[in-house]
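Report on one structure; see the data block that follows.
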Amino acid sequence: MAITITEKAAKHIQKSLNNRGKGIGLRLGVKTSGCSGMAYAIEFVDQIEEQDQVFESQGVKIIIDPKSLVYLKGTELDFVREGLNEGFKFDNPNIKDQCGCGESFNL
């Protein structure tokens, strides 16, 4: 099962890559953090590592390390605006619980 992104997320990522002037995609990962145990990590990628898994959705490359892939399989990444706030939203079918602020989760 792959990682997918919505059209809105793809447009935002592509615009950000264009503004940076470099980059081949977006790295998604997880790290130990927060009150529920794990948090998402996002960064632009300029070079793909040998062990990375690469998915392409909506014309954008999504790069994930093998350890994070276990937690992210089947996830859809969206970019949403809610009032004055905007940001990426993860629809991760693997989550069993998340903290009240939405910053961390557990499986």
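Some observations on this one:
- Residue satisfying all of: in region 37-88; among the aliphatic types (A, V, I, L, M) and part of a helix (DSSP H, G or I); farthest from the chain's Cα centre (by Cα) among these: V70
- Against the list (1) among the small types (G, A, S); (2) at pLDDT 90 or above; (3) on the phi > 0 side of the Ramachandran plot; (4) surrounded by 13 or more Cβ atoms within 10 Å (Cβ to Cβ), the condition A41 fails is (3).
- Failed criterion for V60 (all others in (1) surrounded by 18 or more Cβ atoms within 10 Å (Cβ to Cβ); (2) closer than 18 Å to I95 by Cα hold): (2)
- Evaluation of K31 against (1) touching a residue at least 60 places away in the same chain (Cβ under 8 Å); (2) within 13 Å of the chain's Cα centre (by Cα) (one fails), failing number: (1)
- Filter result for F79 (within 19 Å of V45 (Cβ to Cβ) and at pLDDT below 90): no
The values are calculated or read from the model by the stated rules, or taken from the named source; none is laboratory data. Because the structure is a prediction, the values reported are computed rather than measured. Counting neighbours? That spans all protein chains shown, and the Cβs are built from the backbone with ideal geometry, glycine included.
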